[in-house]
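Q: Okay, handing you the structure first.
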Amino acid sequence: MDTMRDRFAPVVSRLLDEDPRVAVVLAEIGRDGFAEAARHHPDRVVNVGIREQLMVGAAAGLALTGLRPVVHTFASFLVERPFEQVKLDLGHQDLGAVLVSAAASFDWPAGGYTHMAPGDVALLDTLDGWTVHVPGHPDEAETLLRHAVAAGDDKVYVRLSVQSNGQALPVDGERFRTVREGRSGVVVAVGPTLDTVLAATEGLDVTVLYATTVRPFDGAALRRATRAAGTDVVLVEPYLAGTSAAAANDALSEVPHRVLGLGVGRRELRRYGQVAEHVAAHGLDARSLRERIGSFVGAAAPA
Amino acid sequence: MTNATDMTHTYADLPGLMGLMTGDEKHGPAATSTLDVLWVLYDRVLRVSPGRMADPERDRFLLSKGHGPMAYYAVLAAKGFVPVEWLPGFGSYDSPLGHHPDRTLVPGAEIGSGSLGHGLPIAVGTALGLRAQGLDEPRVWALIGDAELDEGSNHEAIAFAGPAGLDRLHTVVVDNSSATYARPGGIAARFEAAGWSALTVDGRDHEALYAAFTAPHPGRPHVVVARVEPKSA
C-alpha cells in the first residue's frame, strides 16, 4: 500500500491544475514529487531552499495576494522550527494556509529525535483557529487534503504519517465517527491508532469513536457517546499523550467525568529501530492499550 | 490640526502629527530614523492611496521594523489613511494604533509587525504571489532596520530573492548604526553578494532617496540603504 505522503504531491498537483488560487511552498523536502507540476505552474510551485522561516513567511505573502498556499516539509521543520512565523505571519496577520507535514511522531525511528515531532498538535493548540486533520489511511489523507485546500482562507494543518489503518473509512473533515457501541466507556481513536484500538478493545463493552479531524474537537459527538456509554473517556492519540484532554474536558464540563490521555510519552526515548518498536515503547500497541483501557474503564474482558 | 480628509498635509506637518503621540519615548529614535524614508515613499514613490487598499494593482509597503511606528502613523495620517484624531490615543486600550502596528486595525497597513525579521520574508511571498497572478506592475517594498537585518529570517529572504530574480521586490534598510556588530563590507555588500541591486544614500536627503528608490534594476531585487544619524547620537 502506498503511504499518505505518496498521495500528497499527486493530489496537490491536480489541485494546482484545477484551481488557480493554489500555490505550493517547499523547502527542498518533497520537491521531486512536484517536478512535473513545477513545469506546468512554475510561478505557483516555489522551492525556497532549506529555509523554513522563509517558507512560512513567503506563504503568508502569497496569501496576502489572494492565493491559497500549501506548505510542506517534515513536522519538526514545519511547525516547530518556524513556530513564530506560524503564530505571527499567519495567525497575527489573519491569513490562511494549509500546512502539510510528514514524518509525524516517529515515522523514521532510525533517524532519531531530530526528525520526530510528537508535540506538533499540542503546539498548534497554543494558537487560535487552526483546523487539524489526522488521517488514518491514504484515501482519507486524499479526502482531507482536498477539504483543507478548499477551506476558504482557513488555517489548516494536515498530519501525514506512514502509520495507517488497513481500511479507509468515510471522512467529512469535521465529525467523529462511531465505529463501535458499548456501555462502559468511550474510547476516542485518532487517525492511524484505530486498528490497534479496535484490536485492543475487542470484547470490551466500550464505544469507539474515530477522529480524523481533531480541531475543532467534535465535543458534541463525545457528549452523545457518553449518554449510553458513561463518562469514562480514553483518548488514544498518535502524538503527545493528553494533547486533546483539555478539549475532552471542555466537552464534558457539565457532567462528572474521567479522562485518560494515551499517546506518545513526553520523555525522549533515545532509541532508533522500527516504528512498531516505538509504538510498543510508548504503550500504544494493542496489548498495552488493552491493559490500560481495560483497567481504566473497569471492564476488562476475559483474556 | 487640519482634518485628515482634506489631504493638505506636507512634510512640515509631520513633527506636529508625531507630537500628538506620546508614551513610547523608548522607541523615539527608532521612530524618527524612518521619517524621511517613509515620507518620500508615500509622497512620491508608492502608488497607493486610502481608496486603493483593495486594488490588486496597488504597490505594497510592508513596515517590518514595527517598533517606533510614530513616523509611520504620522505619514499614514498625513496621507489620509488614518484619521488625525486617532493619533493622541496612541497605545491606549481603545486605540487602533499600538506601539507595534496591527494590519487588522490600521487602515493602510499591509502587515502587522513588531517582532523583528518577518516583513522581508512576507514581502518575498507577496512578490511571488503577484508574479504568479500576472500582476507585473505593483512594486513591493519592505522597510527594515540595520539591526533587524541581523535576524536569520532576513538572510533567508535575501539569499532567495536575488537568485529568484524578484525584480518587483524592494527593501529599504534604515541604517542608524544600531546593530551591535557592524556588517563586514557594509550592508549593501551583503545584498550585492546575493545578486541584488544596491544603493546607499543619505537617509535625510529627499532627492537622493527619491533617485535611489526609482533607480532601474532589471531582473534583480533592489535595496536602498538609507543612512541616518547613529541611534546614540
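Q: Can you tell which of A:G66, A:G61 is small (G, A, S), under 22 Å from B:L116 (Cα atoms) and either at the interface with chain B (Cβ under 8 Å from one of its Cβ atoms) or crowded, with 24+ Cβ neighbours inside 10 Å (or both)?
A: From the options A:G66, A:G61, the qualifying one is A:G61.
Q: Residue check: is B:F191 away from chain A (no Cβ under 14 Å), within 14 Å of B:V124 (Cβ to Cβ) and either touching a residue at least 12 places away in the same chain (Cβ under 8 Å) or under 20 Å from the mean Cα position of the chain (by Cα) (or both)?
A: Details: away from chain A (no Cβ under 14 Å): yes; within 14 Å of B:V124 (Cβ to Cβ): yes; either touching a residue at least 12 places away in the same chain (Cβ under 8 Å) or under 20 Å from the mean Cα position of the chain (by Cα) (or both): yes.
Yes; evaluated as a whole, the condition is true for this residue.
Q: Here's another thing I want to ask about it. Going through A:L95, A:L99, A:L123, A:L90 one at a time, which residue ends up being more than 16 Å from the chain's Cα centre (by Cα) and not in a loop (DSSP other than H, G, I, E, B)? Give the derivation first.
A: On the way: A:L95 fails: not in a loop (DSSP other than H, G, I, E, B); A:L99 fails: more than 16 Å from the chain's Cα centre (by Cα); A:L123 fails: more than 16 Å from the chain's Cα centre (by Cα).
Step by step, each of A:L95, A:L99, A:L123, A:L90 is checked, and only A:L90 is more than 16 Å from the chain's Cα centre (by Cα) and not in a loop (DSSP other than H, G, I, E, B).
Yes or no, residue by residue, for (1) under 21 Å from B:F61 (Cβ atoms); (2) modelled with pLDDT of 95 or more; (3) open to solvent by less than 20 Å² (accessible area, probe 1.4 Å):
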| residue | (1), (2), (3) |
| --- | --- |
| B:E151 | yes, yes, no |
| B:A157 | yes, yes, yes |
| B:V172 | yes, yes, yes |
| B:T180 | no, no, no |
| B:G185 | no, no, no |
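Q: For residues that are more than 25 Å from A:G152 (Cβ to Cβ) and more than 8 Å from chain B (Cβ to nearest Cβ), scanning just segment A:40-51, find the one that is surrounded by the most Cβ atoms within 10 Å (Cβ to Cβ).
A: Here the answer is A:N47.
Q: For B:L166, indicate whether it is within 11 Å of another protein chain (Cβ to nearest Cβ), assigned to a loop (DSSP other than H, G, I, E, B) and of a type in the set (A, V, I, L, M, F, W, C). Break it down stepwise before answering.
A: Numbers: within 11 Å of another protein chain (Cβ to nearest Cβ): yes; assigned to a loop (DSSP other than H, G, I, E, B): yes; of a type in the set (A, V, I, L, M, F, W, C): yes.
In short, yes.
Q: When segment B:103-115 is examined, which residues are found to be open to solvent by 30 Å² or more (accessible area, probe 1.4 Å) and at the interface with another protein chain (Cβ under 8 Å from one of its Cβ atoms)? Break it down stepwise before answering.
A: Filtering segment B:103-115 for residues open to solvent by 30 Å² or more (accessible area, probe 1.4 Å) gives B:103-105, B:107, B:115.
Residues satisfying the conditions are B:R103, B:T104, B:S115.
Q: For B:E57, which of the numbered conditions (1) under 26 Å from B:A212 (Cβ atoms); (2) at pLDDT below 95 fails to hold?
A: (2)
Q: Right, another one. Of all residues in segment A:12-30, which are within 14 Å of another protein chain (Cβ to nearest Cβ), open to solvent by 10 Å² or more (accessible area, probe 1.4 Å) and in contact with a strand residue (DSSP E or B) (Cβ under 8 Å, 6 or more places away or on another chain)? So that I can check it myself, show each step before the final result.
A: Going through segment A:12-30, the residues within 14 Å of another protein chain (Cβ to nearest Cβ) turn out to be A:16, A:19-28.
Applying the additional criterion that residues be open to solvent by 10 Å² or more (accessible area, probe 1.4 Å) yields A:19-21, A:28.
The answer is A:D19, A:R21, A:E28.
Q: Now for a different question. Just one of the numbered conditions (1) buried (at least 24 other Cβ atoms within 10 Å of the Cβ); (2) free of Cβ contacts under 8 Å to residues at least 40 places away in the same chain; (3) more than 8 Å from every other protein chain (Cβ to nearest Cβ) is not true of A:T73; which one?
A: Answer for A:T73: the failing condition is (2).
Q: Please go through segment B:126-145 and give me each residue that is open to solvent by less than 10 Å² (accessible area, probe 1.4 Å) and either of a type in the set (D, E, K, R) or part of a strand (DSSP E or B) (or both), ordered by number. Give the derivation first.
A: Let us first name the residues in segment B:126-145 that are open to solvent by less than 10 Å² (accessible area, probe 1.4 Å), namely B:126-130, B:138, B:140-145.
The answer is B:V140, B:W141, B:A142, B:L143, B:I144, B:G145.
Q: While we're looking at this one, here's another question. Under 7 Å by Cβ, and 6 or more places apart or on different chains, what pairs join a residue from segment A:239-260 that is surrounded by 18 or more Cβ atoms within 10 Å (Cβ to Cβ) with one that is acidic (D, E)?
A: Hits for this filter: A:Y239/A:D120; A:T243/A:D125; A:T243/A:E237; A:S244/A:E237.
Q: Further question on the same structure: Which pairs turn up if I take residues in segment B:72-93 that are free of Cβ contacts under 8 Å to residues at least 24 places away in the same chain and look for partners that are assigned to a helix (DSSP H, G or I) with beta carbon separation below 9 Å, at least 6 apart in sequence or on another chain?
A: B:W86/B:A4; B:W86/B:Y73; B:W86/B:A77
Q: Still on this model: Kindly indicate the residue of segment B:207-224 that is under 14 Å from B:R168 (Cβ atoms) and over 16 Å from the mean Cα position of the chain (by Cα) and also least open to solvent (accessible area, probe 1.4 Å) among those meeting that condition.
A: That would be B:H217.
Q: Let me ask another. All but one of (1) part of a loop (DSSP other than H, G, I, E, B); (2) surrounded by 22 or more Cβ atoms within 10 Å (Cβ to Cβ); (3) under 15 Å from the mean Cα position of the chain (by Cα) hold for B:R204, so report the exception by its number.
A: In the conditions (1) part of a loop (DSSP other than H, G, I, E, B); (2) surrounded by 22 or more Cβ atoms within 10 Å (Cβ to Cβ); (3) under 15 Å from the mean Cα position of the chain (by Cα), B:R204 misses (2) alone.
Q: Let me ask you something else. Can you confirm whether segment B:40-51 contains a residue that is away from chain A (no Cβ under 14 Å), surrounded by fewer than 22 Cβ atoms within 10 Å (Cβ to Cβ), in contact with a Lys or Arg (Cβ under 6 Å, 6 or more places away or on another chain) and part of a helix (DSSP H, G or I)?
A: yes
Q: Could you check A:D89 against (1) of a type in the set (D, E); (2) away from every other protein chain (no Cβ under 14 Å); (3) open to solvent by less than 10 Å² (accessible area, probe 1.4 Å) and say which number it fails?
A: It is condition (2) that A:D89 fails.
The values are calculated or read from the model by the stated rules, or taken from the named source; none is laboratory data. All of these numbers come straight from a predicted model, not from anything done at the bench. Heads up, the Cβs are rebuilt from the backbone with ideal geometry, glycines too, and the neighbour counts pull from every protein chain shown. Remember, those area values only see protein heavy atoms, side chains included, never the ligands or the DNA or RNA. Shrake-Rupley method; radii C 1.70, N 1.55, O 1.52, S 1.80 Å.
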